[in-house]
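Engineer: This is the structure, below, for whatever I ask next.
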Amino acid sequence: MSKIIEDEKSARVRNRRIHMANERTFLAWIRTSIGIMAFGFVVEKFALFIKQMALILGKSNIEKALPPSHGYSAIVGIFLVGLGTLMGLLALIRYKKIERQIDEDTYQPSSILDILLALSVLAVGIFLVMYLIHST
């Protein structure tokens, strides 16, 4: 009888550990999405900073120092904030789905969020490389 109780207790502890690992993964995705949103905000506001500095310093001095701007930083910034928001939502959906699968003992790994992040970073990286090549 005590063997059954010990096995039950061991299974509950193991299940708690799995749930905590799932929660840590969720929080890591949330930190990543917040980081992407913050980076997007900085990229968007940096363009505003450059425009304000151009007005303060006088356009003749700043035009020689900086390449012409096409306003892409606002687009990239908004895209990154949107991407971070979408990743946060997908992380929550993934967390709840895995939580349910752990409780039902039917866990099936899924890598949609991983693929989305990798493709998004690749797309932003390609865009930034093209932007830097074009601006030089």
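Every number in this text was worked out from the coordinates using simple rules, so none of it is lab data. Only a predicted model underlies this, so the values are computations on that prediction, with no experimental measurement involved. FYI the Cβ positions are ideal-geometry reconstructions off the backbone, even for glycines, and counts take in every protein chain you see.
Engineer: Pop out the ³J(HN,Hα) list for the range 95-110 in order, Karplus 6.51 cos²θ - 1.76 cosθ + 1.60 with θ = phi - 60°, rounded to Hz; leave Gly and Pro as x.
Structural biologist: My calculation for the range 95-110 gives 4, 5, 5, 5, 4, 5, 5, 5, 5, 8, 6, 10, 4, 10, x, 9 Hz in order.
Engineer: So if we plug the beta-carbon distance of LEU92 and LEU55 into 1/(1 + (r/R0)^6) with R0 = 41 Å, what FRET efficiency do we get, rounded to 0.05?
Structural biologist: E between LEU92 and LEU55, to the nearest 0.05, is 0.45.
Engineer: Residue-wise, which Karplus ³J(HN,Hα) couplings in Hz belong to the range 27-44, taking 6.51 cos²θ - 1.76 cosθ + 1.60, θ = phi - 60°, and x for glycine or proline?
Structural biologist: 5, 5, 5, 5, 4, 5, 5, 5, x, 5, 5, 5, 4, x, 5, 5, 4, 5
Engineer: A follow-up question, please. In whole Hz, what ³J(HN,Hα) sequence does the range 50-55 give by Karplus (6.51, -1.76, 1.60; θ = phi - 60°), x for Gly and Pro?
Structural biologist: Residue by residue, the range 50-55 yields 5, 5, 5, 5, 5, 5 Hz.
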